[in-house]
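First up is the structure itself, then whatever we jot down about it.
The values are calculated or read from the model by the stated rules, or taken from the named source; none is laboratory data. No experiment lies behind these values; they were computed from the predicted model shown. Cβ sites come from the backbone with ideal geometry, for glycine too, and all protein chains shown count toward neighbours. All accessible areas refer to the heavy atoms of the entire protein, side chains included, with ligands and DNA or RNA removed. Shrake-Rupley method; radii C 1.70, N 1.55, O 1.52, S 1.80 Å.
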Amino acid sequence: MKTLTIISGKGGTGKTSIVGSFASLAKNAVFADCDVDAADLSLITDARIKTVQEFKASQKARIDVAKCIQCGDCEDACRFNAIQNCKVDHFLCEGCRVCSLVCPQGAISMEDVCSGQLFVSDTPYGPLVHARLEPGEENSGKLVTLVRQTAEQIARDQGFEYIIVDGPPGIGCPVIASLTGATASLIVTEPTLSAISDLKRVLSVCNHFKVPAFVCVNRCDLYQENVRRITEFCQQEGVEILGMIPYDLNVVRALVRGKPVVCYTESAASQQITKLWGRLAERVTLL
Amino acid sequence: MIVSVASGKGGTGKTTIAVNLALALQRENNVKFFDCDVEAPNAYLFLKPQITHSEPVTTGCPTIDGTRCTFCGKCAEVCAFHALVVLKERVLLYPELCHDCGGCKLFCPQNAIGKKERKIGIIETGFAGNIAFFQGRLTPGEPFSTPVIRALKRMVSNDAIVILDAPPGTSCPVVTTLEGSDFCLLVTEPTPYGLHDLSLAVELVQKLEIRAGVVVNRADIGDDKVDAYCAKKGLPVLMRLPYDKELAIKYAQGVSAVGVLPEYQQKFFQLYQDINELAR
């Protein structure tokens, strides 16, 4: 079983559209949408939800006003300034429960918070595991880990060869949770200075966690000078560039119809993504 | 006035909007720009600030005094984040899981727990023309970006127009960025992705009780469902920017619209007037 994680550092470089296309190209894969606070893979894969599971991983403090004597001990002990005038700020509370332990009246209890939902869906391309993190909730990577574990379970039970993970932007906890233990990662970049700057940061995360990385350049015809910069950087780092995908309005057309772009077989992007998948699958088999 | 720029979906043009807004306003106003996307900070590429000051951001984590510890296990019991594991004659610490809540230190019966600081990123400050520039950078490999954003936001003061460039998504780093804003600009694109993630971002600003308006970027691609959604929700669409290949190439090079097309100066100035009206 091989896990392939698609990341980018910078958002909006085309991760989800590429993963959606991989879905239609890979014949033996389970898909995991690990961008849990902006989960879009289900929008282009005709997903039909089969099971829904509540996600409770965090706790928040609640003060029982009947028992509270307003001594202020909880306020003093809270490192997150989440308690003011005996009221808990839901957004600031990190669930450390120190307040409940210091309260002399036993007036503070910790309550489970439903911070999202986990979905297992059927798509014409294979099973899809995805999630919805409630807006404003903490994304410590726990929901991401649950998405990955569920996908792994399905892959084991049903004998799938690949798990393809659509990762989140950035380099923080949800990215680390999407990446650790993966067989390989594909970094989707584009020839803009922003994307290159973030490519460098996210590659150092891959190196830190010892996950082999490959690169593909999306919208490669935008600005040649930056394609050269990416090529040079990848050479220096010993990272292989597996694909160059041109800017193609068919990507948006397909998206509006809720389809991956590879369903337009004649389109330039579609042809390059097909080649990219071929090369990537070849490399990953050897790892 | 504190204006935050957020989006839900990544790559819709948050930084483009935030930077152009700052550039358009700097001639006649004091502007402070904060790049709060500390995982992938990019505004510096466009504003090209001179960084004059840099300081580390640290977070605390416990130290165990081996001569006092009796391996009673109280610290591990108290830690809600499983950052401490107590074995027979050893205490294992996973610093990257520690939230620095101080619980272990508070409850250790032997007073065996101290605190050390661990660097997880940096804050850099400087000037880009008249714009006071502030950015945070999370060290690659570190998971928690919110302490860096918090450290950065301690430098926010209300004596200027403050522009906060938020990270993508709708989870804790975005909440930390948006808190205290007078107005939030939500940048989206007219595609199913843009609409889906905009609707999550709208849920978030409503929870946080922050007034918001929408900027539709690449307004001529995709479909018209974002407009229909905004109309239904009563969300003002404050600006529409068409896809412009020339500007995209300039963007690729780190050049902003306001810098090359004078009409954008007026457009973004007007955007701020609209924000000012709505934030009142």
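What to note about this one:
- Among the conditions (1) within 30 Å of A:GLY95 (Cα to Cα); (2) at pLDDT 95 or above; (3) open to solvent by 40 Å² or more (accessible area, probe 1.4 Å), B:HIS53 misses just one, which is (1).
- Subset of the range B:131-143 (residues that are in contact with a strand residue (DSSP E or B) (Cβ under 7 Å, 6 or more places away or on another chain) and either of a type outside the set (Gly, Ala, Ser) or open to solvent by 30 Å² or more (accessible area, probe 1.4 Å) (or both)): B:ILE131, B:PHE133, B:PHE134, B:GLN135, B:ARG137, B:LEU138, B:THR139, B:GLU142
- Output for the range A:200-229, where each listed residue is part of a helix (DSSP H, G or I) and either hydroxyl-bearing (Ser, Thr, Tyr) or touching a Lys or Arg at 6+ places or on another chain (Cβ under 8 Å) (or both): A:SER204
- Flag if B:GLN265 is free of Cβ contacts under 8 Å to residues at least 24 places away in the same chain and assigned by TED's automatic domain parsing to the domain that holds B:ALA128: no
- Within the range B:72-81, one or more residues are touching a Phe, Trp or Tyr at 6+ places or on another chain (Cβ under 6 Å) and either open to solvent by less than 30 Å² (accessible area, probe 1.4 Å) or at pLDDT 95 or above (or both).
- Any hit, the range A:33-45, residues being among the aliphatic types (A, V, I, L, M) and over 22 Å from B:THR188 (Cβ atoms): no
- Residue selected from the range B:11-23 under the condition facing chain A (nearest Cβ under 9 Å) and open to solvent by 10 Å² or more (accessible area, probe 1.4 Å), by the criterion farthest from B:MET239 (Cα to Cα): B:GLY11
- Hey, A:PHE80 open to solvent by less than 30 Å² (accessible area, probe 1.4 Å), more than 20 Å from the chain's Cα centre (by Cα) and within 14 Å of chain B (Cβ to nearest Cβ) or not: yes
- The residues on offer are B:CYS61, B:CYS98, B:CYS36, and the sole one that is at pLDDT below 95, within 13 Å of another protein chain (Cβ to nearest Cβ) and open to solvent by less than 10 Å² (accessible area, probe 1.4 Å) is B:CYS61.
- Per this entry, A:VAL217 is not counted among residues that are closer than 21 Å to A:THR45 by Cα, buried (at least 24 other Cβ atoms within 10 Å of the Cβ) and in contact with an Asp or Glu (Cβ under 9 Å, 6 or more places away or on another chain).
- Of all residues in the range B:202-223, exactly one satisfies the criterion of being more than 12 Å from B:PHE183 (Cβ to Cβ), open to solvent by less than 20 Å² (accessible area, probe 1.4 Å), more than 7 Å from chain A (Cβ to nearest Cβ) and assigned to a helix (DSSP H, G or I), namely B:VAL202.
- Close contacts from the range A:214-236, counting a first residue that is facing another protein chain (nearest Cβ under 10 Å) and a second that is small (Gly, Ala, Ser) and assigned to a helix (DSSP H, G or I), with Cβ to Cβ under 8 Å and a gap of 6+ residues or different chains, come to A:LEU222/B:ALA248; A:LEU222/B:ALA252; A:TYR223/B:ALA252; A:ASN226/B:ALA252.
- Test result for B:VAL78, in contact with a helix residue (DSSP H, G or I) (Cβ under 8 Å, 6 or more places away or on another chain) and β-branched (Val, Ile, Thr): yes
- In the range B:136-171, the residues that are closer than 30 Å to A:THR145 by Cα and of a type in the set (S, T, N, Q): B:THR139, B:SER145, B:THR146, B:THR170, B:SER171
- Residue check for B:THR176: crowded, with 24+ Cβ neighbours inside 10 Å and among the β-branched types (Val, Ile, Thr): no
- Those residues of the range A:127-142 which are modelled with pLDDT of 95 or more and out of contact with any helix residue (DSSP H, G or I) (no Cβ under 7 Å at 6 or more places or on another chain), in sequence order: A:ARG132
- Tally, over the range A:22-38, of residues that are of a type in the set (A, V, I, L, M), open to solvent by 10 Å² or more (accessible area, probe 1.4 Å) and within 14 Å of chain B (Cβ to nearest Cβ): 0
- Strands (runs of 3 or more DSSP E) lying entirely in the range A:105-193 (those with 2 or more residues that are open to solvent by 10 Å² or more (accessible area, probe 1.4 Å) and more than 11 Å from chain B (Cβ to nearest Cβ)): A:108-123, A:126-133
- Selection of first residues in the range B:139-156 that are within 12 Å of another protein chain (Cβ to nearest Cβ) and of second residues that are open to solvent by 40 Å² or more (accessible area, probe 1.4 Å) and in a loop (DSSP other than H, G, I, E, B), restricted to Cβ pairs under 7 Å at least 6 apart or on distinct chains, gives an empty result.
- Only listed residue being under 15 Å from the mean Cα position of the chain (by Cα), within 11 Å of chain B (Cβ to nearest Cβ), within 30 Å of A:LEU286 (Cα to Cα) and aliphatic (A, V, I, L, M), chosen from A:LEU4, A:LEU41: A:LEU41
- Flag if B:SER171 is among the polar types (S, T, N, Q) and in contact (Cβ under 8 Å) with a residue 60 or more places away in the chain: no
- Of all residues in the range A:243-274, those that are more than 15 Å from B:GLY222 (Cβ to Cβ), assigned to a helix (DSSP H, G or I) and free of Cβ contacts under 8 Å to residues at least 60 places away in the same chain total 4.
- Qualifying residue in the range A:88-100 (condition: away from chain B (no Cβ under 12 Å) and surrounded by fewer than 20 Cβ atoms within 10 Å (Cβ to Cβ)): yes
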